[in-house]
Amino acid sequence: MSLVAFVAGRSPGLTTAVHAIATAWPAHRRAIVAEVDPAGGTLAARFDLAPQPGLTDLAAAGRRGLDPDTVLRHCRRLASGTIALVAPVSPERVTSALAVLGSVLGEALDSIPGTDVLADCGRIERRSPAMELVHGAPYVVLVVTPSLEGVAYAQARMEALSIPAGRLALLTVGERPYPPDEVGRALQLPVVGALAWDPAGAAQLNSGKAPRRSELRRTATVIARELCGFLPALGPHGEGAVPESDPDAEPYASGMVVTYPSRR
C-alpha cells in the first residue's frame with residue numbers, strides 16, 4: 001500500500017515513536033515497522049530476538065531483485081504484536097545492507113498488498129545511506145523535539161532532505177516548551193500531531209506490552225488516524241486489503257503515490 005518514512009531532527013526515541021504509532025494503526029490496514037536507521041537497529045535487542053531473519057538477510061536475498069513476499073518472509077512479530085523488519089545493532093552491517101538493496105528496498109516496501117510500512121530512517125544526515133529510501137518515499141514525517149534546539153537542528157538539516165512541498169509533514173514529541181502548530185510555522189510544514197512524552201507508556205510498550213491506557217497510546221492513535229487520512233484508501237470492494245489467504249498468522253519468521261493534502 002504505502003511507505004511512510006520517519007526521520008528525526010535531534011529528537012530522541014524515534015524507534016519508540018514509530019513503534020507506538022504502528023501499534024495504534026487502524027485494524028483494517030496492516031502496519032509493518034521497518035528499521036533502516038544507519039545508526040543500527042534496536043528492536044531485536046530490545047525484545048531479545050536474534051537479528052536473523054531481518055534486514056541483512058533480506059539484502060542477501062534481494063541481490064537480484066526484491067518482491068513484497070520476500071520482504072514479508074524476513075519480518076518478525078514482536079511481543080507487542082507489531083510486525084517488524086529488524087536491523088542489526090551494528091551500523092556497519094545496516095549501512096552495508098542498505099548499499100546492497102539501494103532503491104529496490106523502498107520500491108518493495110511501498111508495494112506490499114494491504115500493508116502500510118512505517119520506516120524508521122534515523123537522523124537527518126546528507127550522507128546517510130537511508131536518504132535514498134527517504135527521497136523515494138511518497139510520504140515523509142519529520143519528528144522533532146519542540147524546543148529551540150530541536151527546531152534549530154531541524155532547520156539546519158532541512159536542505160539535506162530535499163523533499164518537495166506536499167510530501168513532508170511534521171510530528172513533535174511532546175508539546176513543550178512550544179506547541180506543535182508554532183513549530184510547524186517555524187519550519188513551514190503541516191503538522192500531523194504531537195506524540196506524548198510519556199516515559200511510563202514507552203517503558204510499557206518496550207517491555208512487550210502495547211500500552212492500552214496511556215498518553216502515549218492515546219496520542220499515537222490520533223496520529224495514526226491522521227496519517228491514514230493521507231494514504232490511499234482501500235478500494236470499494238476491498239482492493240488493497242490483506243488477502244483472505246493471508247490471515248496475518250505466520251508468513252513471518254518465529255502503490256499509488258499521492259501527495260499530502262494541506263489540512264491546515
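What follows draws every value from the coordinates through simple rules; no lab data is involved. Note that the coordinates shown come from a computational prediction; the quantities given were computed from them, not determined experimentally. Cβ placement follows ideal geometry from the backbone for every residue including glycine, while neighbour counts extend to all protein chains displayed.
Some observations on this one:
- Net charge dipole size for the chain [Lys, Arg +1 and Asp, Glu -1 on Cβ; Debye, nearest 20]: 480
- Coupling constants for region 219-230 follow from the phi torsions by the Karplus curve (6.51 cos²θ - 1.76 cosθ + 1.60, θ = phi - 60°), and in residue order they are 6, 5, 5, 4, 5, 4, 5, 5, 5, 4, x, 8 Hz; glycine and proline get x.
- Ellipsoid equivalent to region 1-44 - semi-axes via the Cα gyration tensor, in Å: 20, 11, 11
- Size descriptors for region 131-208, from the alpha-carbon set: Rg then Dmax equal 13.5, 38 Å.
- For the peptides 81-90, 185-194, 43-52, 59-68, the ranking by mean Cβ contacts within 10 Å, running from highest to lowest, is 81-90, 185-194, 43-52, 59-68.
- DSSP beta bridges in the chain [antiparallel fraction, %, rounded to 5]: 5
- Difference of contour (0.36 nm per residue) and Cα-Cα distance, R126 to D67: 18.5 nm
- Hydrodynamic radius (Kirkwood) for the chain, which is based on Cα pairs only, to one decimal in Å: 18.2
- A convex hull fitted to the Cα coordinates of region 147-186 yields 69 cubic angstrom per residue.
- Cα gyration tensor shape for region 63-140, rounded if a/c is under 1.5, else prolate or oblate: rounded
- A Förster radius of 25 Å, combined with the Cβ-Cβ distance separating E215 from A160, puts the computed FRET efficiency at roughly 0.20.
- For region 3-30 and region 61-88, distance of Cα centres in Å: 16
- Given charges at Cβ of Lys, Arg, Asp, Glu: region 17-103 dipole, positive-most of A17, A50, L78: L78
- Region 85-231 - Rg over Rh from alpha carbon coordinates, Kirkwood radius: 0.96
- The Cα atoms of region 25-69 cover 34, 26, 18 Å along the three principal axes, with the biggest extent listed first.
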